[in-house]
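Asker: Got a structure for you, written out below as structure tokens; questions coming shortly.
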Amino acid sequence: MKIHEYQARDLLSSFGIPVPPGVTIESPLLAEEAYIRATKGMASPLAVIKAQVHAGGRGKAGFVKLVRNATEAKDAAQFMLTNRMISPQTPPEGLQVKKLLVAAGVEIADRMPSPSAQCPVPSASPSKEEFYLAITTDRATRRNILIASREGGVEIEQVAHDRPEAIIKQPLHPTVGLQSFAARKVAYQLGLTGKLVTQAADIMVKLAKLFVEKDCSLAEINPLVIAVEHSPTPDSRLPTPDFRVLAIDAKFNFDDNGLFRHPEIEQLADPAEENAAELRAKAAGLSYVALEGNIGCLVNGAGLAMATMDIIKLHGGQPANFLDVGGGASEEAVTEAFHIILSDQHCKGILVNIFGGIMRCDIIAQGVVNAAKQVGFKVPLVVRLEGTNVDAGRKILNDAKSMIPTLQAATDLTDAATKVCKAVAG
Amino acid sequence: MSILINASTKVICQGITGSFGGAHTKGCALYGTQLVGGVTPGKGGQFFEVDSECKIPIFDTVDQVVRQTGAEATMIFVPPPFAADAILEAADAGIRVICCITEGIPVNDMVKARALLDEMNAARPADKKITLVGPNCPGVITPGKKTGAGDKSSSVYTSAKLGGGGCKIGIMPGYIHTHVSESKTGKAVGIVSRSGTLTYEAVWQTSRLGLGQSTCVGIGGDPVRGMSHIDVIELFEKDPETHGILMIGEIGGTDEIKAAEYVQKHVKKPVAAFIAGRTAPPGKRMGHAGAIIGGADDTADAKISALQKAGAKVALSPADMGKMMAEAMKI
């Protein structure tokens with residue numbers, strides 16, 4: 001499960017990780033006021049307005065804007081809330097933006113020379129003090145792991161690919177978590193000095209605590225920056241710049257299996273960000289992922305469901321979805337699965353592939369019959385049944401043949417894939 | 001022979017009074033598995049009825065059932081919030097083979113449980129190590145003979161009831177498996193897989209091609225788990241009655257890449273493989289928490305080419321898993 005940036009900022013704050021002041025708004029009318037609140041008491045008049053959507057590519061799409069005054073804030077908000085955001089990560093028709101984050105601008109310190117940095121950064125890298133910090137589960141070592149880099153604010157996957165030596169990795173102790181000494185070690189490797197080490201290490205320890213306590217699968221701060229703060233001096237001499245470590249942007253993914261113990265996280269989910277069919281499937285206890293093709297699939301088991309998609313493609317077809325009915329699905333859930341598949345307008349044919357284990361073939365067959373009664377199958381339907389209660393399942397389908405004229409039985413996987421691809425190709 | 005479990009293995013079920021735990025305890029008992037007890041805290045002293053002839057005693061703790069029956073293996077059907085604890089309870093009580101069927105255990109629970117298991121194993125001699133299979137897996141089966149089996153497709157429970165000589169710990173349908181003595185070729189393969197139903201598919205295909213199975217191990221679809229492909233392949237390579245190894249993987253993680261390297265260096269037996277998810281889009285979770293494509297190494301294509309390089313016969317279609325195994329064994 002994913003959450004929005006403003007929610008991620010709140011979460012960071014609640015664990016004591018500093019973020020720049022910010023306000024969320026849902027109407028351009030509130031933009032001026034939000035701008036004034038976000039920049040109040042700040043030395044700089046700069047603020048940044050950011051569309052709150054899960055999809056990336058906001059900056060290039062014009063949905064992250066730096067503004068210098070209230071009027072600019074209003075104009076930017078007006079633009080973002082009335083235009084759809086289109087980026088490589090959104091559907092082609094774009095996304096409607098409902099919420100904006102108005103956050104105080106931050107003056108990021110110029111990159112300071114750091115003799116202690118583990119990896120000297122080449123000149124092509126950021127000229128500002130921007131870092132990458134994240135915690136995730138490393139499957140290879142079966143540990144949660146802190147990942148840090150001096151090259152923040154950019155695509156970390158690219159850095160990891162081009163210059164793996166620029167990535168620092170520090171495993172978390174499986175029961176104790178991230179220890180202070182380990183966090184300090186990473187802070188020094190990042191090239192920090194003095195009190196900035198303490199601040200950064202403190203952020204790392206708190207992020208690690210948050211990761212474990214909230215059952216995250218990814219907790220990412222990108223960028224983590226050194227901000228310059230000009231605090232006014234009492235005797236009105238020139239203010240002396242002060243430096244502070246701040247989290248500018250954050251991204252969290254949560255382990256769906258852990259959500260049962262975090263109702264406060266679960267309620268942060270934004271249904272508008274999810275695919276409607278996927279939500280409907282989830283409610284019925286089905287695992288469904290919408291895809292681009294035109295052959296709907298209904299399978300039991302995730303591995304077999306993936307393999308079914310693969311075999312469709314091998315026979316020249318394109319799967320319209322991944323759908324795993326699981327082992328314990330009821331007749332109603334199976335019927336609902338057919339409703340979901342048939343609600344996809346691209347669906348030109350359906351392949352049912354069941355190897356009954358816990359799932360009984362007769363339950364699937366009854367689901368086919370129910371769906372035929374309730375919505376009808378206008379598209380070709382190929383059913384391959386094997387395993388538990390296969391004879392009962394085949395009998396149910398055979399008896400219903402006259403009711404479902406588009407139904408074809410398949411004897412094995414290859415036969416099923418061949419038949420459905422041929423039927424869809426016309 | 002077989003790996004991990006055989007007809008004389010004494011098995012318990014943790015979560016025996018739940019609907020799933022109960023149904024599969026029944027299925028396993030009727031297959032011929034020696035089920036010596038069940039565990040549900042608070043229900044110790046009661047009995048679980050398989051049928052009129054067979055009642056299984058229920059205990060409050062794994063420690064009690066191990067002391068009284070000498071149980072060596074467990075299958076866990078405990079609900080996700082308590083399943084990691086159940087794994088550690090079994091390990092602490094001296095259970096040797098722990099099959100955790102439960103799906104949906106939080107990853108962080110497994111990070112801790114696996115680390116604690118590793119710690120326990122580090123202090124044990126080589127022949128006393130605890131083996132965890134799963135979680136989120138179909139379990140392990142060493143097939144028995146079909147002597148006395150009834151209608152072979154009407155129920156989960158049709159099996160090698162009474163004297164078949166097999167051991168089924170988990171949720172797989174028993175009847176699709178073939179004991180080597182009843183196979184046409186007289187050869188048995190070992191199957192290791194991350195996916196449940198895809199394993200059944202592979203078992204079915206090999207059975208229909210006249211092959212038996214020595215043992216089938218479902219290692220599960222979770223990112224942090226017990227046995228890896230390599231752990232199982234190593235046991236199959238050593239088992240004199242496993243004549244070929246069929247390995248089924250999927251997208252996500254690098255387990256299969258490491259297994260390919262292992263096969264190349266250490267495995268002399270014929271190996272066939274299938275990797276599911278060639279058509280899965282990156283970044284999407286495909287049912288299994290572990291099946292998300294992240295880096296370049298965990299795509300299906302990377303795994304397929306690593307396995308091919310290691311000399312394995314890789315089926316590109318899931319319909320050819322059995323065929324590739326037979327080809328690799330020159331049958």
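Please treat every number below as a calculation from the coordinates, not as lab data. Since we're looking at a predicted model, the values are computed, not measured. Positions of Cβ are backbone-derived with ideal geometry, glycine not excepted, and every protein chain shown enters the neighbour counts.
Asker: First select every other residue whose beta carbon is under 13 angstrom from the beta carbon of A:PRO380; then total the charges, Lys and Arg +1, Asp and Glu -1. The partial results should precede the final answer.
Answerer: Values: positive: A:LYS348, A:LYS378, A:LYS419, A:LYS422; negative: none.
Summing Lys/Arg as +1 and Asp/Glu as -1 gives +4.
Asker: Right, next: Using modelled backbone amide H atoms (1.01 Å from N, in-plane), which distant-in-sequence or interchain residues come within less than 5 Å of A:GLY349's amide H?
Answerer: A:GLY296
Asker: Separate question: So for the protein assembly as shown, considering every pair of alpha-carbon atoms, how many percent are separated by more than 44 Å?
Answerer: Values: 89346 of 286146 pairs.
More than 44 Å apart: 31 percent of the Cα pairs in the protein assembly as shown.
Asker: May I ask for the longest run of chain B untouched by GluC sites (Glu not before Pro) that are loop-located per DSSP and have at most 16 neighbouring C-beta atoms (other than their own) within 10 Å?
Answerer: Details: sites that count: B:GLU53, B:GLU241.
The longest uninterrupted stretch comes out as B:54-240.
Asker: Nothing charged except the Cβ atoms of Lys and Arg (+1) and of Asp and Glu (-1): what's the magnitude of the dipole of chain B about its Cα centre? Round to the nearest 20 debye. Intermediate results must be reported in sequence, preceding the final value.
Answerer: Working: 34 positive and 32 negative charges, 169 e Å.
Once rounded to the nearest 20, the dipole reads 800 debye.
Asker: What lysines sit close enough to A:LYS422 to cross-link, taking a C-alpha to C-alpha distance under 18 Å and skipping anything fewer than 8 places away on the same chain?
Answerer: Leaving aside lysines fewer than 8 places away in the same chain, those within reach of A:LYS422 are A:LYS313, A:LYS348, A:LYS378.
Asker: What are the ³J(HN,Hα) couplings of the stretch B:166-178, residue after residue, when phi is run through the Karplus curve with 6.51, -1.76, 1.60 and θ = phi - 60°? Round to Hz, x for glycine and proline.
Answerer: x, 9, 10, 10, x, 10, 6, x, x, 5, 6, 7, 10
Asker: Right, here's the next one. Measure nothing fancy, just the Cα-based angle from helix A:180-189's long axis to the longest principal axis of chain A, in degrees from 0 to 90, nearest 10.
Answerer: 80 degrees
Asker: Moving on to the next point. Beyond 21 Å between alpha-carbons counts as too far, so tell me which of B:LYS146/B:LYS184; A:LYS40/A:LYS74; B:LYS145/B:LYS168; A:LYS98/A:LYS128; A:LYS65/A:LYS251 fall in that bin.
Answerer: Numbers: B:LYS146/B:LYS184 14 Å; A:LYS40/A:LYS74 17 Å; B:LYS145/B:LYS168 12 Å; A:LYS98/A:LYS128 32 Å; A:LYS65/A:LYS251 19 Å.
Beyond 21 Å: A:LYS98/A:LYS128.
Asker: Would you mind estimating how fast the stretch A:135-200 diffuses translationally, via Stokes-Einstein at 10 °C and 1.306 mPa s with the Kirkwood radius over Cα pairs, in µm²/s? Walk me through the intermediate numbers first.
Answerer: Details: Rh = 12.7 Å.
Using the Kirkwood radius from Cα pairs, D works out to 125 µm²/s.
Asker: Out of all DSSP beta bridges with both ends in the protein assembly as shown, state the antiparallel percent to the nearest 5. Mind showing how you got there, number by number?
Answerer: On the way: 65 of 119 bridges.
Just about 55 percent of them are antiparallel.
Asker: Continuing with this model, one more query. Considering the dipole of the protein assembly as shown built from charges on the beta carbon (Lys and Arg +1, Asp and Glu -1) around the Cα centre, which of B:ALA319, A:LEU100, B:SER193 is farthest to its positive end?
Answerer: Of the listed residues, the answer is B:ALA319.
Asker: Would the stretch B:43-133 count as rounded, prolate or oblate if I go by the C-alpha gyration tensor, calling it rounded below 1.5 in a/c and otherwise prolate when a/b exceeds b/c, oblate otherwise?
Answerer: Note, shape of the stretch B:43-133 comes out oblate.
Asker: For a quick check, take a GNM of chain B with Cα springs below 10 Å and name the residue from B:GLN34, B:GLN14, B:GLN264 with the largest mean-square fluctuation.
Answerer: Taking springs between Cα atoms under 10 Å, the residue moving most is B:GLN264.
Asker: What angle do you read, to the nearest 10 degrees and between 0 and 90, between the alpha-carbon axis of helix B:19-31 and the longest principal axis of chain B?
Answerer: That helix lies at roughly 80 degrees to the long axis.
Asker: Give the Debye-formula value of log10 I(q)/I(0) at each listed q (0.11, 0.16, 0.21 Å⁻¹), with one equal scatterer per alpha carbon of the stretch A:235-372, two decimals each.
Answerer: Taking Cα atoms of the stretch A:235-372 as identical point scatterers yields -0.49, -0.88, -1.26.
Asker: Can you compute the FRET efficiency between B:LYS238 and A:ASP415 using 1/(1 + (r/R0)^6), with r the Cβ-Cβ distance and R0 = 30 Å? Round to the nearest 0.05. It would help to have the intermediate numbers written out before the result.
Answerer: Working: r = 38 Å, r/R0 = 1.27.
Efficiency for this residue pair is about 0.20.
Asker: Based on Cα coordinates alone, diagonalise the gyration tensor for the stretch A:270-321, multiply each eigenvalue by 5, take square roots, and list the semi-axes in whole Å, largest first. Don't skip to the end; give the middle numbers.
Answerer: Details: eigenvalues 99, 34, 10 Å².
One finds semi-axes of 22, 13, 7 Å for the stretch A:270-321.
Asker: Further question: Which residues make up the longest stretch of chain B clear of trypsin sites (Lys or Arg not before Pro) that lie in a DSSP loop with no more than 11 other Cβ atoms within 10 Å, not counting the sites? Each step should come with its number before you reach the end.
Answerer: Numbers: sites that count: B:LYS268, B:LYS330.
The longest uninterrupted stretch comes out as B:1-267.
Asker: Would you mind checking the tilt of helix B:80-93 against the longest principal axis of the Cα atoms of chain B, expressed as 0 to 90 degrees and rounded to 10?
Answerer: 80 degrees
Asker: Can you pull the one-decimal nm distance between simple spin-label points at A:GLU331 and A:THR141, each 7 Å off the Cα toward Cβ?
Answerer: 5.3 nm
Asker: Right, another one. Over all distinct alpha-carbon pairs, what is the Kirkwood Rh of the stretch A:172-296 in angstrom?
Answerer: Numbers: mean 1/r = 0.0547 Å⁻¹.
Kirkwood hydrodynamic radius for the stretch A:172-296: 18.3 Å.
Asker: What percentages, rounded to whole numbers, describe P(r) for chain A computed over all alpha carbon pairs with 10 Å bin width beginning at zero?
Answerer: Bin by bin from 0 Å, the calculated values are 4, 18, 22, 20, 16, 11, 6, 2, 0, 0.
Asker: A:SER127 to A:GLN96: extension gain in nm, 0.36 nm per residue of separation minus the Cα-Cα distance? Before the final figure, lay out the partial values.
Answerer: Values: separation 31, 0.36 × 31 = 11.16 nm, distance 3.45 nm.
Between A:SER127 and A:GLN96, full extension yields 7.7 nm more.
Asker: Per 5 Å bin, what percent of the C-alpha pairs of the stretch A:1-159 does each bin hold, from zero upward?
Answerer: It works out to 2, 8, 14, 17, 18, 16, 14, 7, 3, 1, 0, in whole percents.
Asker: Suppose we keep just the alpha-carbon trace of the stretch B:212-252; what are its Rg and Dmax in angstrom?
Answerer: Looking at the stretch B:212-252, its Cα Rg and Dmax stand at 11.0, 32 Å.
Asker: Which value, in debye to the nearest 20, describes the size of the charge dipole of the protein assembly as shown about its Cα centre when Lys and Arg Cβ atoms bear +1, Asp and Glu Cβ atoms bear -1, and nothing else is charged?
Answerer: Details: 78 positive and 79 negative charges, 242 e Å.
Once rounded to the nearest 20, the dipole reads 1160 debye.
Asker: Same structure again: How much of the pair distance distribution for the stretch B:182-331 lies past 22 Å, counting alpha-carbon pairs only, in percent?
Answerer: Values: 3522 of 11175 pairs.
Beyond 22 Å sits 32 percent of the P(r) for the stretch B:182-331.
Asker: Please identify, among B:ILE141, B:ILE76, B:ILE257, the residue showing maximal mean-square fluctuation in a Gaussian network model of chain B using a 10 angstrom Cα cutoff.
Answerer: Maximum fluctuation in the GNM of chain B, among the listed residues, is at B:ILE257.
Asker: Here is a follow-up. Let a ≥ b ≥ c be the square roots of the eigenvalues of the Cα gyration tensor of chain B; is it rounded (a/c under 1.5), or, if not, prolate (a/b larger than b/c) or oblate?
Answerer: Here chain B falls in the oblate category.
Asker: Can you tell me which aspartates and glutamates have their Cα less than 19 Å from the Cα of A:LYS395? Leave out same-chain residues fewer than eight positions away.
Answerer: Within reach: A:GLU331, A:ASP362, A:GLU386, A:ASP412, B:ASP151.
Asker: Could you give the spread of the C-alpha atoms of the stretch A:317-406 along their three principal axes, from largest to smallest, in whole angstroms?
Answerer: Per principal axis, max minus min of the Cα coordinates gives 32, 28, 25 Å.
Asker: Residue farthest toward the positive end of the dipole of the protein assembly as shown, with Cβ of Lys/Arg at +1 and Asp/Glu at -1: which of A:ALA8, B:CYS216, B:PRO80?
Answerer: In the protein assembly as shown, that residue is B:CYS216.
Asker: Kindly give Rg over Rh for the stretch B:1-76, based on alpha-carbon atoms, with the Kirkwood expression for the hydrodynamic radius. The partial results should precede the final answer.
Answerer: On the way: Rg = 11.5 Å, Rh = 12.2 Å.
Reported Rg/Rh (Cα atoms, Kirkwood Rh): 0.94.
Asker: Among the aspartates and glutamates, which have Cα under 14 Å from the Cα of A:LYS214 when same-chain residues fewer than 8 positions away are ignored?
Answerer: Those aspartates and glutamates meeting the cut-off are A:ASP10, A:ASP255, A:ASP256, A:GLU264, A:GLU266, B:ASP109.
Asker: While we're on this one: Give the residue from A:LEU381, B:GLY252, A:ALA31 lying farthest towards the positive end of the charge dipole for the protein assembly as shown; charges sit on Cβ (+1 for Lys and Arg, -1 for Asp and Glu) and the dipole is referred to the Cα centre.
Answerer: A:LEU381
Asker: With +1 on each Lys and Arg Cβ and -1 on each Asp and Glu Cβ, and nothing else charged, work out how big the dipole of chain A is about its Cα centre, in Debye to the nearest 20. Don't skip to the answer; put the middle values down first.
Answerer: Values: 44 positive and 47 negative charges, 53 e Å.
Roughly 260 debye, rounded to the nearest 20.
Asker: Continuing with this model, one more query. Let a ≥ b ≥ c be the square roots of the eigenvalues of the Cα gyration tensor of the stretch A:15-71; is it rounded (a/c under 1.5), or, if not, prolate (a/b larger than b/c) or oblate? Present the calculation step by step, with values, prior to reporting the outcome.
Answerer: Working: a/c = 1.60, a/b = 1.20, b/c = 1.34.
Oblate is the answer for the stretch A:15-71, as a/c is 1.5 or above yet b/c matches or exceeds a/b.
Asker: Gaussian network model of chain B, Cα springs within a sub-10 Å range: biggest mean-square fluctuation belongs to which of B:ALA306, B:ALA91, B:ALA280?
Answerer: Comparing B:ALA306, B:ALA91, B:ALA280 in the GNM, the peak value goes to B:ALA280.
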